[in-house]
Amino acid sequence: MNYKKISISIVLLLMIIPINNAMAFTYIDNMKNGNYTFFLTDLEIDNNIELNITHTGSGNFTLFLFNSRPVQSYVNNDNTLNENIFNKTVAYSLENNPYINYTATKEKIYYIEIILVSGGPDTLFLTSTITYSNGTLIDKDLTRYYLPIIPGFQLEIFLLVFIFSIGLILFLHKNKVKKKNIIDF
């Protein structure tokens, strides 16, 4: 009987006292050398985003934050970083456990890239928290972003096919009009 009273008391107490919820986004992934992962999130002016990566092995992870949509991974064929990535980012970290603390200067979508440069395969743990300028946590998850892999095509071939199609349509329409005119007479 005492256990029942204690259990009910604890449940009622937990319902009265709010439980503080840490609103952080966590992502776990196992990556190989040269692999990369993208995320995106929308931030308002003066929102603060904190990104932290820890890992289990000896992987050399890098963390980049972009304020415009990346169209390439900036990973060379030999799994090294393309030097142009440093001109495109608003913040980056090359440390053993990469960490970025960034306050948004514009209201827009920001993109996050994680790259395992060497020492893989390794398992990463990404933790992200987003706060208002007054420090209040925002319950917002990061969204996975995938680079569009669209095979390139030659513009000349497209134009030739387009012109050929228009010519064929005009030719067939012209023959149809001629046959109609012959039948009308």
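Just so it is clear, none of the values below were taken in a lab; they were calculated from the coordinates. The structure displayed is predicted, hence computed values, not measured ones. In this analysis, Cβ positions are derived from the backbone assuming ideal geometry, glycine residues included, and neighbour counts consider all displayed protein chains.
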**Study point:** Nearest-0.05 FRET efficiency for R144 and T103, computed from C-beta distance (R0 25 Å)
**Key:** 0.60
Review point. From a point 7 Å beyond the Cα of T80 in the direction of its Cβ, which residues of the stretch 25-51 have a backbone N at a distance under 18 Å?
Key: 33-35
Exercise for review: Please report the relative contact order for the stretch 23-145, taking Cα pairs under 8 Å with a sequence separation of at least 6, and give it as a percent rounded to a whole number.
Suggested key: 51 percent
